[in-house]
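The values are calculated or read from the model by the stated rules, or taken from the named source; none is laboratory data. Note that the structure is a prediction, hence the values are computed from the model and not measured. Note that we place each Cβ from the backbone using ideal geometry, even for glycine, and neighbour counts take in every protein chain shown. Keep in mind that these areas ignore ligands, DNA and RNA; they rest on the heavy atoms of the full protein, side chains included. Shrake-Rupley method; radii C 1.70, N 1.55, O 1.52, S 1.80 Å.
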Amino acid sequence: MISKEEYCQYVEKYANMVLRISVNYCKSIPDAEDMVQEVFLKLYETNKDFQDDEYVKRWIIRVTINLCKNYLKSAWRQKIHFFDSTNTEENLDNLTEFFEEDKEKMALYRAVKKLPEKYRSVVHLYYYEEYPIRDIAGILQKKETTIQTRLMRARNMLKEQLKGAWHDE
């Protein structure tokens, strides 16, 4: 069981990461903020003995992904989504603070968010959270070759999407 001091340190250290992952899945800032609260509530309530900080980080990522997936397929979300008149594109346009007004980063983020979820999550963990392929395979509970294939396909999709947006090619 973690102490209150450790808990506060984990919240301070990992809250932004959990928010980024949640936005990546939920595509809505308010929903992502709810996921952050849920994740840290689970951390607070857990009786698990954590080996080290890296283990805690992986546990938090796994819980975040599972909570987001469960939320997205929940009956509650399906009903609310049907009646929700706000556009998810408008919600994501408010994320400029993550990109420090950098147009290239924003273009890349927009391209990444258009990827199917299985590719988007791999790209996020590899590039934004800087996990090696072996660790991503463990977090997502997939084979390393599957992660490598998804990463390669995602790169190809991003290359096609960004061809016109960037003048490098």
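So which GluC sites (Glu not before Pro) in region 100-141 are both in a DSSP loop and have at most 11 other Cβ atoms within 10 Å of their Cβ?
Sites meeting the loop and neighbour criteria: Glu100, Glu101, Glu130.
Distance cut-off 32 Å, Cα to Cα: go down the list Lys73/Lys159; Lys4/Lys118; Lys4/Lys105; Lys73/Lys163; Lys48/Lys118; Lys48/Lys105 and report the pairs above it. Each step should come with its number before you reach the end.
Values: Lys73/Lys159 30 Å; Lys4/Lys118 35 Å; Lys4/Lys105 37 Å; Lys73/Lys163 34 Å; Lys48/Lys118 28 Å; Lys48/Lys105 38 Å.
As for pairs spanning more than 32 Å Cα to Cα, those are Lys4/Lys118; Lys4/Lys105; Lys73/Lys163; Lys48/Lys105.
For region 1-69, what does the accessible surface come to per residue with a 1.4 Å probe? Please give it in Å².
Values: 3740 Å² over 69 residues.
Result: 54 Å² of accessible area for each residue.
Looking at the square roots a ≥ b ≥ c of the eigenvalues of the Cα gyration tensor of region 1-81, which shape do they give, rounded for a/c under 1.5, prolate if a/b is larger than b/c, or oblate?
On the way: a/c = 2.31, a/b = 1.99, b/c = 1.16.
It comes out prolate by the Cα gyration axes.
Taking R0 as 35 Å, what FRET efficiency do you get between Glu160 and Lys4 from their Cβ-Cβ distance, rounded to the nearest 0.05? Don't skip to the end; give the middle numbers.
Working: r = 49 Å, r/R0 = 1.40.
Result of the calculation: an efficiency of 0.10.
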